[in-house]
């Protein structure tokens with residue numbers, strides 16, 4: 001199977017979880033990575049600089065019409081939904097979804113609609129149910145659904161909600177997610 005995009009969604013406790021996952025993905029990483037981390041609308045663009053310290057991949061705050069490039073991490077900017085278009089990103093100020101903008105569901109659903117079975121969705125720690133519908137759509141379109149083991153999550157609500165709603169492909173402790181992805185993508189290329 002030839003994957004095109006990795007989407008990651010997280011909320012409370014997500015910065016620490018993202019450090020572990022992104023830190024374990026080493027160049028040349030064959031997929032573009034789009035990330036929604038719930039954050040306050042006034043948080044600005046400090047997250048990309050902070051996250052860059054923990055990964056060798058290139059980390060950016062997503063901008064409207066950015067081209068999706070393998071090995072690049074695109075973070076949803078504060079107070080904008082991040083959407084996937086064919087080979088590009090889009091930003092939206094539509095109403096919050098699950099009380100969140102950016103919303104994980106918006107990112108995941110748009111990724112599933114564009115890349116179907118070439119999408120990998122990952123849900124990490126979080127305190128609400130955002131991402132459950134989006135991960136279900138990724139799975140329904142033939143993509144891969146991975147969830148952090150709730151027992152290893154700082155806040156188990158989000159990963160548990162995803163597990164309850166979708167027949168996921170893998171439930172993994174946080175430290176095992178990046179090695180799982182690297183192994184999966186190495187097998188997919190051979």
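Worth a mention:
- Taken together, the residues in segment 144-174 that are touching a helix residue (DSSP H, G or I) at 6+ places or on another chain (Cβ under 6 Å) and touching a residue at least 40 places away in the same chain (Cβ under 8 Å) amount to 3.
- Condition broken by residue 131, with the remaining ones in (1) crowded, with 18+ Cβ neighbours inside 10 Å; (2) at negative phi satisfied: (2)
- Of all residues in segment 175-190, exactly one satisfies the criterion of being surrounded by fewer than 21 Cβ atoms within 10 Å (Cβ to Cβ) and in contact with a strand residue (DSSP E or B) (Cβ under 7 Å, 6 or more places away or on another chain), namely 180.
Yes/no per residue for (1) crowded, with 22+ Cβ neighbours inside 10 Å; (2) under 20 Å from residue 144 (Cα atoms); (3) modelled with pLDDT under 95; (4) in contact with a helix residue (DSSP H, G or I) (Cβ under 6 Å, 6 or more places away or on another chain):
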| site | (1), (2), (3), (4) |
| --- | --- |
| 1 | no, yes, yes, yes |
| 13 | no, no, yes, no |
| 33 | yes, yes, no, no |
| 36 | yes, yes, no, yes |
| 39 | no, no, yes, no |
| 96 | no, no, yes, no |
| 103 | yes, yes, no, no |
| 110 | yes, yes, no, no |
| 118 | no, yes, no, no |
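- Any hit, segment 152-161, residues being within 18 Å of residue 109 (Cβ to Cβ) and out of contact with any strand residue (DSSP E or B) (no Cβ under 7 Å at 6 or more places or on another chain): yes
The values are calculated or read from the model by the stated rules, or taken from the named source; none is laboratory data. Because the structure is predicted, anything quoted here is derived from the model rather than measured. Here Cβ is always computed from backbone atoms with ideal geometry, including for glycine, and neighbour counts include all displayed protein chains.
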